[in-house]
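One structure is given below, encoded as structure tokens.
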Amino acid sequence: MKSRRKNNLFWTVLWLIFFFISSSVSGSFRNKNPMSIFPQDLNYPTVQSADINGDGKVNCIDYAVSYKLIWDQKNYGRESFCEIVRNKNPNNNMHHLFVRVRNAYTLEWEYIEPQNGLPMELAWPMLYYPAFNIFGETDYWLKKRKF
């Protein structure tokens, strides 16, 4: 009788361990939309953009600035959770603007390509090197907009 109880206890504990591990792992993927408070969102948001800075092109500057402006409108009080980042890599001529957002649940920075919503490592796998990120230019790029 005691061995049966031990066996049941063993399987119960094992099941609980697997349950908590699986829920914590899947929980880290639930809120992939930092603009949303709803944990069921799985994708980063993307933005549509127009020529924000008046240079006659729609490029990464326009997408990053648009993303930041939309973020600020949707996340009052959490404006500092989104920043425009520049990556300038002299080794491969990467010169690109994107955004980083602080995940409201983990408080970790996540680097996002605003045009397609992918993490930068997936959007630019052979060109993006985080060591070449330049921070602190959000206000500079927001001042470049023409409206």
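Read-outs: derived from the displayed coordinates by stated rules, not from any lab. Every value quoted in this text rests on a predicted model; they were computed, and no experiment measured them. So basically every Cβ, Gly included, is an ideal-geometry build from the backbone, and we count neighbours across all protein chains shown.
Brief remarks on what is shown
- Whole-Hz couplings from phi, Karplus 6.51/-1.76/1.60, listed for segment 111-124; x for Gly and Pro: 9, 10, 7, x, 6, 10, x, 8, x, 4, 4, 8, 6, 10
- Under Karplus coefficients 6.51, -1.76 and 1.60, residue-wise ³J(HN,Hα) of segment 77-90 in Hz, glycine/proline x: x, 10, 4, 6, 7, 9, 9, 8, 10, 10, 10, 10, 10, x
- Summing +1 for each Lys or Arg and -1 for each Asp or Glu among the other residues whose beta-carbon sits under 10 angstrom from that of V47 gives 0.
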